[in-house]
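Peer 1: Pasting in a structure now, in structure tokens, and then I'll have a few things to ask.
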Amino acid sequence: MSDGQGDLFTSTAATRRAAGHAATRWAPLARRRVFEAIRCAGETGLTAQELEPLTGYRGDTIRPRLVELRAEGRIMPAPQTRPTPSGRQAAVWVVAP
């Protein structure tokens, strides 16, 4: 008799794989949009939250693109941070030299 957890795990793993495959198609466009918004912001830079309305993407899509762009050496965190609406300090991203 199965407790059903194996089926849940298999289904969840399959869903993650499908999402990963879908992301390989749209992630490059999202990465370009995020980079272009940061580039246009100049020295002022942008936080992940500030990128949301500019790109049309939610934070859970933007943050992985920031990680990828940083790993590629295209962006870097600015020396300053900025407060979010909740009062927390957020990293500000600028184009790397």
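Peer 1: Would you please list the contacts, defined by Cβ atoms under 8 Å and residues six or more apart or on different chains, that run from a residue in region 61-73 that is farther than 14 Å from Gly45 by Cβ and of a type in the set (Gly, Ala, Ser) to a residue that is modelled with pLDDT of 95 or more and loosely packed, with under 15 Cβ neighbours inside 10 Å?
Peer 2: Pairs that qualify, where the first residue is farther than 14 Å from Gly45 by Cβ and of a type in the set (Gly, Ala, Ser) and the partner is modelled with pLDDT of 95 or more and loosely packed, with under 15 Cβ neighbours inside 10 Å, are Gly73/Ala96.
Peer 1: In the set Ala41, Ala90, Ala78, which member is surrounded by 15 or more Cβ atoms within 10 Å (Cβ to Cβ), in a helix (DSSP H, G or I) and in contact with a strand residue (DSSP E or B) (Cβ under 9 Å, 6 or more places away or on another chain)?
Peer 2: Ala41
Peer 1: Among (1) modelled with pLDDT of 95 or more; (2) surrounded by 10 or more Cβ atoms within 10 Å (Cβ to Cβ), where does Thr10 come up short?
Peer 2: Answer for Thr10: the failing condition is (1).
The values are calculated or read from the model by the stated rules, or taken from the named source; none is laboratory data. Predicted model, so just to flag it, every value in this text is computed and none were measured. For neighbour counting, all protein chains shown are included, and Cβ atoms are generated from backbone atoms with ideal geometry for every residue, glycine included.
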